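K.L.:
Here it is, the structure, as structure tokens.
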Amino acid sequence: MRNLLLCFMVIGSLTTCRDKTTDLAPVATPSQRITSQSIQYVRILDQEPSLDTVQIDGVVQALSSKDSLRFQYDAEDRLVSYNRTQYTATAMGPFTNGTQKSLFSYNNGRFQELEGGTGSRFEFSLDNAQRRVLNRTKRRGSYIDVDTLRQYSSEGMLTTVEKQGNRQVFTIENGNVVRIEQFSTRTGTLEMVTEFTYDTGHRAPAAPFTFLGETNRNALLTMKTLDYSYATGVRSTTYTYRNEYDSQERMTRQIEYHQDSWYNQGKPYFWTATDYYYQ
């Protein structure tokens with residue numbers, strides 16, 4: 001647009017406008033796809049061991065554990081490897097099982113997964129775009145981890161999925177999931193409702209697990225769950241988020257707070273700090 005206005009403003013030949021255009025280098029849009037991520041979890045009880053500390057709102061918070069994640073993508077921007085290292089505080093000091101690496105491939109409509117940690121191999125069907133799985137049900141001995149009947153929007157966002165004993169339906173508005181309804185697959189009754197609000201002035205990091213669908217377009221501000229499964233009545237939990245950004249307006253840290261209707265007198269308390277890193 002700036003080049004077009006320049007051509008209207010400058011009195012000269014068409015050649016002059018072409019030459020001016022070639023002098024301006026295109027500005028690349030910063031990638032929102034993260035290459036690594038660190039999730040830091042607060043220590044709940046004072047008597048528990050501390051792994052590390054983080055300063056939140058001017059208060060030093062003790063951490064119980066941390067996840068360090070790394071992601072790699074192919075030329076089509078699909079996840080092909082995922083490294084996860086977990087650190088946990090113990091009375092003897094920090095503990096880790098080492099790095100667990102998962103590998104993913106996409107061939108002829110099939111998605112193959114080599115699961116880090118267990119070394120198990122799985123294969124699932126891909127959608128027509130050859131990007132997202134239509135199911136991800138895993139059998140683990142006598143237990144079956146159900147994840148099937150996955151459907152996606154035109155933007156590649158998950159709209160419905162069936163889990164172990166329940167079915168989830170997602171409502172999407174302007175590229176963001178604003179509501180999730182969870183129904184019992186046995187009775188059809190509504191079990192849980194989750195509602196979300198967003199900061200439409202900021203983008204969210206793109207989903208690293210591309211085969212499970214794209215994430216929300218904008219940065220998350222609040223998430224509230226209403227759980228109807230308790231005999232004592234509806235139990236609600238509110239999650240609020242404070243986000244930090246770099247000079248390119250990419251999210252660099254997301255701080256999560258919990259506010260429960262049955263704990264801590266309903267006051268929000270720090271829960272996790274997630275740091276994002278880009279190419």
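The values are calculated or read from the model by the stated rules, or taken from the named source; none is laboratory data. No experiment lies behind these values; they were computed from the predicted model shown. Positions of Cβ are generated from backbone atoms using ideal geometry, with glycine treated the same way; all protein chains shown enter the neighbour counts. These accessible areas exclude ligands, DNA and RNA; they are computed on the full protein's heavy atoms, side chains included. Shrake-Rupley method; radii C 1.70, N 1.55, O 1.52, S 1.80 Å.
K.L.:
So Leu221 ticks every box in (1) at pLDDT 95 or above; (2) more than 23 Å from Asp57 (Cα to Cα); (3) of a type outside the set (Val, Ile, Thr) but one. Which box is left unticked?
P.N.:
Here Leu221 meets the rest and fails (2).
K.L.:
Restricted to the stretch 126-148, and to residues that are among the hydroxyl-bearing types (Ser, Thr, Tyr) and surrounded by 13 or more Cβ atoms within 10 Å (Cβ to Cβ), which residue is nearest to Asn83 (Cα to Cα)? Steps first, please.
P.N.:
Of all residues in the stretch 126-148, those among the hydroxyl-bearing types (Ser, Thr, Tyr) come to 137, 142-143, 148.
Now drop any that are not surrounded by 13 or more Cβ atoms within 10 Å (Cβ to Cβ), which leaves 137, 148.
Numbers: Thr137: 21, Thr148: 25 Å.
Among those that are among the hydroxyl-bearing types (Ser, Thr, Tyr) and surrounded by 13 or more Cβ atoms within 10 Å (Cβ to Cβ), it is Thr137.
K.L.:
Can we say Phe170 is of a type in the set (Phe, Trp, Tyr), closer than 23 Å to Gln130 by Cα, without any contact (Cβ under 8 Å) to a residue 40 or more places away in the chain and out of contact with any Pro (no Cβ under 8 Å at 6 or more places or on another chain)?
P.N.:
Numbers: of a type in the set (Phe, Trp, Tyr): yes; closer than 23 Å to Gln130 by Cα: yes; without any contact (Cβ under 8 Å) to a residue 40 or more places away in the chain: yes; out of contact with any Pro (no Cβ under 8 Å at 6 or more places or on another chain): yes.
Criteria met by Phe170.
K.L.:
If we keep just the residues of the stretch 88-106 that are open to solvent by 80 Å² or more (accessible area, probe 1.4 Å) and either modelled with pLDDT of 95 or more or acidic (Asp, Glu) (or both), which is farthest from the chain's Cα centre (by Cα)?
P.N.:
To start, the set of residues in the stretch 88-106 that are open to solvent by 80 Å² or more (accessible area, probe 1.4 Å) comprises 91-92, 94-95, 97, 99, 101.
Filter once more, so that each one left must be either modelled with pLDDT of 95 or more or acidic (Asp, Glu) (or both): 95, 99, 101.
Details: Phe95: 26, Thr99: 20, Lys101: 19 Å.
Among those residues, the one meeting the criterion is Phe95.
K.L.:
Out of the stretch 51-65, which residues are assigned to a loop (DSSP other than H, G, I, E, B) and modelled with pLDDT of 95 or more?
P.N.:
From the stretch 51-65, those assigned to a loop (DSSP other than H, G, I, E, B) are 51, 57-58; that's our starting set.
Listed by number, the list holds a single entry, Leu51.
K.L.:
Out of curiosity, is Lys20 surrounded by 14 or more Cβ atoms within 10 Å (Cβ to Cβ) and either among the acidic types (Asp, Glu) or at pLDDT below 85 (or both)? Spell out the reasoning first.
P.N.:
Details: surrounded by 14 or more Cβ atoms within 10 Å (Cβ to Cβ): yes; either among the acidic types (Asp, Glu) or at pLDDT below 85 (or both): yes.
Judged against the criteria, Lys20 is a match.
K.L.:
Going through the stretch 161-179 one residue at a time, which ones are β-branched (Val, Ile, Thr) and open to solvent by less than 30 Å² (accessible area, probe 1.4 Å)?
P.N.:
To start, the set of residues in the stretch 161-179 that are β-branched (Val, Ile, Thr) comprises 161, 169, 171-172, 177-178.
Once the filter is applied, which keeps residues that are β-branched (Val, Ile, Thr) and open to solvent by less than 30 Å² (accessible area, probe 1.4 Å), the stretch 161-179 yields Val161, Val177.
K.L.:
Let me ask something additional. Can you pull out the strands (runs of 3 or more DSSP E) entirely within the stretch 66-172 that have at least 3 residues that are closer than 30 Å to Leu51 by Cα? Give the derivation first.
P.N.:
Working: elements: 79-90, 93-95, 99-107, 110-114, 121-125, 138-140, 143-145, 147-152, 158-163.
Of the strands (runs of 3 or more DSSP E) lying wholly inside the stretch 66-172, those with at least 3 residues that are closer than 30 Å to Leu51 by Cα span 79-90, 93-95, 99-107.
K.L.:
Would you check which residues across the stretch 220-257 are part of a loop (DSSP other than H, G, I, E, B) and either of a type in the set (Gly, Ala, Ser) or crowded, with 16+ Cβ neighbours inside 10 Å (or both) and list them? Walk me through how you get there before you give the answer.
P.N.:
Taking the stretch 220-257 first, the residues part of a loop (DSSP other than H, G, I, E, B) are 228-234, 246-250.
Passing the criteria: Ser229, Ala231, Gly233, Ser247, Arg250.
K.L.:
Report yes if Gln151 is open to solvent by 50 Å² or more (accessible area, probe 1.4 Å) and either without any contact (Cβ under 8 Å) to a residue 60 or more places away in the chain or within 24 Å of Phe71 (Cα to Cα) (or both), otherwise no.
P.N.:
Numbers: open to solvent by 50 Å² or more (accessible area, probe 1.4 Å): yes; either without any contact (Cβ under 8 Å) to a residue 60 or more places away in the chain or within 24 Å of Phe71 (Cα to Cα) (or both): yes.
The answer is yes for Gln151.
K.L.:
State yes or no: is Arg186 open to solvent by 30 Å² or more (accessible area, probe 1.4 Å), out of contact with any His (no Cβ under 6 Å at 6 or more places or on another chain) and farther than 30 Å from Phe122 by Cβ?
P.N.:
no
K.L.:
Moving on to the next point. I'm checking my understanding of the structure. Among residues of the stretch 196-219 that are outside any strand (DSSP E or B) and open to solvent by 30 Å² or more (accessible area, probe 1.4 Å), which one is farthest from Ser153 (Cα to Cα)? Walk me through it before giving the result.
P.N.:
As a first pass, look at the stretch 196-219 and keep what is outside any strand (DSSP E or B): 204-205, 207-217.
Remaining after also requiring open to solvent by 30 Å² or more (accessible area, probe 1.4 Å): 209, 212, 214-217.
Values: Phe209: 16, Leu212: 12, Glu214: 10, Thr215: 11, Asn216: 12, Arg217: 13 Å.
Result: Phe209.
K.L.:
For the stretch 173-191, which residues satisfy the criterion of being within 19 Å of Val234 (Cα to Cα) and in a loop (DSSP other than H, G, I, E, B)? Reasoning before the result, please.
P.N.:
Taking the stretch 173-191 as the starting set, the residues that turn out to be within 19 Å of Val234 (Cα to Cα) are 179-184, 187-191.
Within the stretch 173-191, Thr187, Gly188, Thr189 qualify.
K.L.:
Right, something else. Among Thr85, Thr96, Thr90, which is the only one that is in contact (Cβ under 8 Å) with a residue 40 or more places away in the chain, polar (S, T, N, Q) and over 25 Å from Gly165 (Cα atoms)?
P.N.:
Details: Thr85 fails: in contact (Cβ under 8 Å) with a residue 40 or more places away in the chain; Thr96 fails: in contact (Cβ under 8 Å) with a residue 40 or more places away in the chain.
From the options Thr85, Thr96, Thr90, the qualifying one is Thr90.
K.L.:
Hey, among Ser64, Ser142, Ser125, which residue is touching a strand residue (DSSP E or B) at 6+ places or on another chain (Cβ under 8 Å) and without any contact (Cβ under 8 Å) to a residue 24 or more places away in the chain? Lay out the reasoning, then the answer.
P.N.:
Details: Ser64 fails: without any contact (Cβ under 8 Å) to a residue 24 or more places away in the chain; Ser142 fails: touching a strand residue (DSSP E or B) at 6+ places or on another chain (Cβ under 8 Å).
Of the residues listed, the single one that is touching a strand residue (DSSP E or B) at 6+ places or on another chain (Cβ under 8 Å) and without any contact (Cβ under 8 Å) to a residue 24 or more places away in the chain is Ser125.
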